[in-house]
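Here's the structure we're looking at; comments come further down.
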Amino acid sequence: MGRRIGGVVVGILAAGLVVMLVEGVGQSAFPPPAGFDPSAPDLSLVPLPALVSVALAWVLGPLAGGLVATLVGRPPGPLPALVLGAFFLAADIANLVMIPSPWWLWVVGLLAPLPAAWAGFAWARRRRPSA
């Protein structure tokens, strides 16, 4: 039980790191225009590729987290990965509610975290079929 909880915690940290890295690369490559106020963001001013990097991060983060949670926790089933996916679903919802976002980012934010975390679980199980 402790190993599974540890897997979820380490998975959340790994997923958060992936999200930060992917979003950071997108924002560095496609910075917002001069005068952009991050305390009251208007995403209509943000370049589309930067928003796409956010969507990509919202997929790749839970994927990596589900993989790590499964490898570290060695669970017999997908529960730790799905708990991680639910955590990121809640984080996406919080972001979407706080920052007015385009409809397609809502679709990604609501539909991607759980399947991505499941895919991370499935990938880890293929790598460690005896785990």
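Tabulated results
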item: Boolean, VAL68 is more than 18 Å from ASP92 (Cβ to Cβ) and modelled with pLDDT of 95 or more; result: yes
item: Pair list, Cβ under 7 Å, 6 or more apart: region 100-127 residue free of Cβ contacts under 8 Å to residues at least 24 places away in the same chain, other residue part of a helix (DSSP H, G or I) and surrounded by fewer than 20 Cβ atoms within 10 Å (Cβ to Cβ); result: TRP106/LEU96
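The values are calculated or read from the model by the stated rules, or taken from the named source; none is laboratory data. A quick note: this is a predicted structure, and the numbers were derived from the prediction, not measured. Neighbour counts run over all protein chains shown; Cβ positions are idealised from the backbone, glycine included.
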